[in-house]
Each structure stands twice: as C-alpha cells, then as structure tokens.
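The values are calculated or read from the model by the stated rules, or taken from the named source; none is laboratory data. Because the structure is predicted, anything quoted here is derived from the model rather than measured. Quick reminder, even Gly has a Cβ in these numbers, built from the backbone with ideal geometry, and neighbours come from all protein chains shown. What goes into the accessible areas is simple: the full protein's heavy atoms, side chains included, and nothing from ligands, DNA or RNA. Shrake-Rupley method; radii C 1.70, N 1.55, O 1.52, S 1.80 Å.
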Amino acid sequence: MEFGIFTIGDVTTDPTDGTTVSENQRIKNTVEIAKKAEEVGLDVFATGQHHNPPFVAPANPPILLANIAAQTQTLELSTATTLITTTDPVRIAEDYSYAQHLSDGRISLIMGRGNTGPVYPWFGKDIRAGIPLAVENYNLLYRLWREKNLDWEGKFRTPLGGFTVTPTPLDEVPPFVWHGSIRSPEIAEQAAYYGDGFFHNNIFWPTSHTARMVQLYRQRYEYYGHGTASQAIVGLGGQVFMRKNSQDAVREFRPYFDNAPVYGHGPSLEDFSTQTPLTVGSPQQVIERTLSFREWAGDYQRQLFLIDHAGLPQKTVLEQLDLLGEEVIPVLREEFAKGRPADVPDAPTHESLVIRHREGRDPIPGGGEGSRAFEDRQARAAEAAQNATQEGANRS
C-alpha cells in the first residue's frame, strides 16, 4: 500500500502572525516538502493543478514534478488533480510522457474535472459540459498514449490527422491513471470502464458518500471484467494535523482551520472533524482514524494526506512529516498488511505495468470477452438484429 502527501499549493497568510510567504518561497517550500517526504519514508508526493489565487505552487504540475524527480530517487510523483476538462489532452500526453522519461517511470496522474467555475472560460470551455469534456478528453488521451499516426475527431477540440505523441511513453507503457471525483458517479464509472484506478479525495465529504462512490466503482470494475470488486484499485484522501498531545494539536491548528481558503468560516473544527476524515490530534488518533477507512472502503492501494495548507509555517509542515514518517506510517503499513487477501493487488508501479503489458494483460476498455459487459453487449446486439428482422418482415 502506498502512503504519501498531496498539496493544493496555496499562498495563505498565517493567521497567527500575519506573515505571508512569497510565491517564489512557496514554490521552493513545496520542493523541500517533497524531498522531506522521501527522506522520512513516504511513497508518494502529489500536487493539484490550479490556475487561480491563492493556489500558486501547482499551476504547472509537470514542471514541478520533473524538478522534484531530479532531486529524488524513489518517490512516486503524482498529480492530485490533472484538469482533464480544461487542459488539452495532447499537451497532457506529451508533458507527462516527458516527465515519465525524466523520472524513470515515477509518474502517475489523478484526473479531475476541477471545481473552480471561472477556470473553464479562462481556457475556452463551458463548465456545463464538464462531464462530456472529461469523457471525450480522456478517451483521446488514452488513445494518444497507445496509438501512432492517430486520426481523431471529436466535439470539443480540433481534429487530429496522423498525429503521434512525442516522446512516446517510457517502455510503451503510459503513466498509471487514477480518476478522481468527489461527487460524480460518472467518473467512477469511467475509471471502471478503462480498468484504471479511482481516487476519492474525501476531505470535504462524509464517509457515507465516499463509501457509496467506492462501492459503485468496485462493482463496475468487476462488471467490466478487470478483476473482482475487491481487486479494484482505490485511493483515498485524508487531512491531518498532529502533536504529541491531542489538546495541543487542536489549540494550534484551530486558527488555521478557521481561516483556511477552502473551508474557513464554515463549520466548526469539531463538526468538520466528525463529518469528514480530518483528524486533528495525536499520532495514535491519526492511526486509528485512518485504519477505520478500511471498514467501509475495503483493502485499498493509496492513502494521501493534506498537511501543508492554510498558511501553516514550513517548519510546522516538516514537523508533521517527521511525525508521519516516524510514528504513523510504519504502524499503518503493518496494520493494513494484516488480513489483506493475497489476491488484492498493490498500487501499480511502472515496473508492474510493464510486466502486465508484456504479458498481454492490459485492461480492455469496456470489458473483453468473458466479462458481463461483453455478454450484455452481445445480447443487445442480438436483440437489435432480431428487432430489425421483425420490422423488415412487418413492412413486407
């Protein structure tokens, strides 16, 4: 199982002393955080993609991730959101193929639609077409990474004629894709259709909602014949702030929570902690809360924590990483391994994907022969042919 952190890259005034880091310093701090994550033994660093203040550090994820790749050795580098709706799929295909080569395969992506309305028109798109854009653009991206001299025509961008992505993916195997969604079952369906991963960044939503989304994805993953429901590739978000003493954690974090750019001036810290996975307390409380996710999500593959938002000082963020690396993650690794069925896969790596590809086991979008999806298509085709025959007979 993978453990890591993700950032939303906000430049937010520290509410306790009124200081605000510069954009330059926030970007440099983000690189330091990623390097520290590897140092303390985490597996993944992920960055969102935003194009509006105060979210500065992740404006261009492939540049940030390539820079971090040059300064790390083992850290998996991921997007926490790649805006599949407003970023040209051709640009995504080439940028992340390039980053994949530079990192020797340590790149994965979490596709998302984005929840900031103004971003759509800024990039010439209509937010009302968010789902169709996500569906069409990902289909194009999927093909760009797997076909050469591609001829393609769709609704939302100009056609392509004889186009080949350069560079092609490393070892002819694209980066692994997770489809991220908080509220849209269509995206869980899309992830299952392609046999990709599903990531629910459940930092704003109650457990009951997240559980339904994960269950839907698992059921549809099995329907399309990519494996059993328990073998589906699931990732979850989380949000923590720790001190040795839980009362100290609550007291220190409260002003940051109350003024956070995303949820500040809303529910109380206590209500938000009850309703969402936010855990503010001791390392043991974080361990217990995180382990409880398996009760409703099943055995899953990736757990990411948000730790560096809302104006928290860099020193404090690095202390959070020390606590994660020294006291939390080792215990989580051990406890999540207990009772984990042998047939539940680990999170995909470039190496495992290369082996799968060379053995001819890549998922077939929409389900291959033997899947329930394939059988249903066959049945519908037979029914349609029978209806057409009957209609012809009636006309004669």
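Scanning residues 5 or more positions from VAL240 or on other chains, those with amide H under 5 Å from its amide H are THR279, LEU306, with H placed 1.01 Å from N in the peptide plane.
The largest accessible area among ILE27, ILE8 belongs to the first residue in ILE27, ILE8, and the rest follow in falling order (1.4 Å probe, all chains).
In the chain, what % of DSSP beta bridges are antiparallel (nearest 5)? All intermediate terms of the calculation are to be shown ahead of the outcome.
Working: 3 of 36 bridges.
Bridges in the chain are about 10 percent antiparallel.
Averaged per residue, the chain has 44 square angstrom of accessible surface, using a 1.4 angstrom probe with ligands and nucleic acids left out.
Largest first, how would HIS50, HIS101 line up by accessible area (1.4 Å probe)? Present the calculation step by step, with values, prior to reporting the outcome.
Working: HIS50 40, HIS101 75 Å².
If we order HIS50, HIS101 from most to least accessible, we get HIS101, HIS50.
What fraction of the DSSP beta bridges in region 1-128 is antiparallel, stated in percent and rounded to the nearest 5? Of the beta bridges lying entirely in region 1-128, close to 10 percent run antiparallel. For the chain, a Gaussian network of Cα nodes joined below 10 Å ranks VAL262, VAL214, VAL286 by mean-square fluctuation, and the top entry is VAL262. Shown in residue order for region 74-85 are the 3J(HN,Hα) couplings computed by the Karplus curve 6.51 cos²θ - 1.76 cosθ + 1.60 at θ = phi - 60°: 10, 5, 6, 10, 9, 7, 8, 8, 10, 6, 5, 7 Hz (x for Gly and Pro). The residue among GLY339, GLN378, VAL328 whose Cα reaches farthest toward the positive pole of the charge dipole of the chain, with charges on the beta-carbon of Lys, Arg, Asp and Glu, is GLN378. Taking all protein chains as shown and a probe of 1.4 angstrom, THR168 keeps an accessible surface of around 60 Å².
Mean-square fluctuations from a GNM of the chain, with a 10 angstrom spring cutoff on Cα atoms, peak among ILE68, ILE355, ILE110 at ILE355.
Too long at a 26 Å Cα-Cα cut-off: which of LYS36/LYS338; LYS35/LYS338; LYS35/LYS244; LYS36/LYS244? Kindly include the intermediate steps, with their values, before the conclusion.
On the way: LYS36/LYS338 28 Å; LYS35/LYS338 29 Å; LYS35/LYS244 24 Å; LYS36/LYS244 20 Å.
Beyond 26 Å: LYS36/LYS338; LYS35/LYS338.
Its Cα centre serving as origin, region 88-182 has a Cβ charge dipole (Lys and Arg +1, Asp and Glu -1) of approximately 340 debye.
Suppose R0 equals 45 Å; then what is the FRET efficiency for GLU326 and LYS148 from their Cβ-Cβ distance, rounded to the nearest 0.05? Could you put the intermediate results ahead of the total?
Details: r = 48 Å, r/R0 = 1.07.
Plugging the Cβ-Cβ distance into 1/(1 + (r/R0)^6) gives 0.40.
For the chain, the share of accessible area belonging to carbon and sulfur comes to 50 percent (1.4 Å probe, ligands and nucleic acids excluded). Separation of region 233-259 from region 66-104 is 28 Å, based on Cα centroids.
Ranking THR158, HIS179, SER78 by Cα position along the charge dipole of the chain, where only Lys, Arg, Asp and Glu carry charges on their C-beta atoms, puts THR158 farthest toward the positive end.
Regarding region 131-213, what whole-number volume in Å³ per residue does the convex hull of its Cα atoms give? If you can, show how the numbers build up before the last one.
Numbers: hull volume 9.0 nm³, N = 83.
Cα-based convex hull of region 131-213, divided per residue, equals 108 Å³.
Close amide H partners of ASN202, meaning residues 5 or more places away or on another chain with modelled amide H under 5 Å apart, are GLY237. Our note on the geometry: Cα centres of region 176-216 and region 335-387, 17 Å apart.
Normalising the average separation of contacting C-alpha pairs (under 8 angstrom, six or more residues apart) by the number of residues puts the relative contact order of region 257-396 at 18 percent.
Given 37 °C and 0.692 mPa s, how large is the Stokes-Einstein diffusion coefficient of the chain in µm²/s, with Rh as the Kirkwood radius over Cα pairs? Spell out each step's value before the answer.
On the way: Rh = 22.1 Å.
Translational D for this selection: 148 µm²/s.
About its Cα centre, how strong a charge dipole does region 1-135 have in debye, to the nearest 20, once Lys and Arg get +1 and Asp and Glu get -1 at the Cβ? In total the dipole reaches around 360 debye.
Normalising the average separation of contacting C-alpha pairs (under 8 angstrom, six or more residues apart) by the number of residues puts the relative contact order of region 165-314 at 23 percent.
Leaving ligands and nucleic acids out of the surface, order LYS35, LYS125, LYS338 by accessible area at 1.4 Å, largest first. Walk me through the numbers before you get to the answer.
Values: LYS35 80, LYS125 55, LYS338 110 Å².
Listed by decreasing accessible area, they come as LYS338, LYS35, LYS125.
Here the relative contact order of the chain, from alpha carbon pairs under 8 Å that lie six or more residues apart, stands at 18 percent.
Here the spin labels are modelled as points 7 Å beyond Cα on the Cα-Cβ line, and at ARG183 and ILE364 they lie 3.7 nm apart.
Rounded to the nearest 20 debye, the dipole size of the chain about its Cα centre is 700 debye, using +1 on the Cβ of Lys and Arg and -1 on the Cβ of Asp and Glu.
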